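Working notes, beginning with the structure itself.
The values are calculated or read from the model by the stated rules, or taken from the named source; none is laboratory data. Bear in mind that the values here come from a model prediction, so they are computed numbers and not experimental data. Heads up, the Cβs are rebuilt from the backbone with ideal geometry, glycines too, and the neighbour counts pull from every protein chain shown. The area values use the complete protein model at the heavy-atom level, side chains included, leaving out ligands, DNA and RNA. Shrake-Rupley method; radii C 1.70, N 1.55, O 1.52, S 1.80 Å.
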Amino acid sequence: ILIYGISDFDAAKMQACYESHNRNVRDYFADRSDRLLVIDLTAGDGWGPLCRFLDCDPPQEPFPHRNRGKPTKSSRG
């Protein structure tokens, strides 16, 4: 199975592909930022930004988290 064009795990190449993809998405939406929602669930983003983006009321229940982690260097863009 090929992922990012490689068959063996290569952390540096996968990180570079991930960052390149994020740059491409942000560049694509640069002139229409109202059409792209970027949230960082590891930093605590949840119902607030999501519901504002969707123009709806937040649910009364807590935002679901199954696997909490720490913010990563590239998660904030």
message = Consider the stretch 44-69. How many of its residues are closer than 19 Å to Asp34 by Cα and either touching a His at 6+ places or on another chain (Cβ under 7 Å) or among the basic types (Lys, Arg) (or both)?
response = 1
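Among the residues of the stretch 24-60, write down those that are of a type in the set (Gly, Ala, Ser), part of a helix (DSSP H, G or I) and surrounded by fewer than 11 Cβ atoms within 10 Å (Cβ to Cβ).
Ser33
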remark   = Conditions (1) open to solvent by 90 Å² or more (accessible area, probe 1.4 Å); (2) at pLDDT below 85 -> His21 fails only (2)
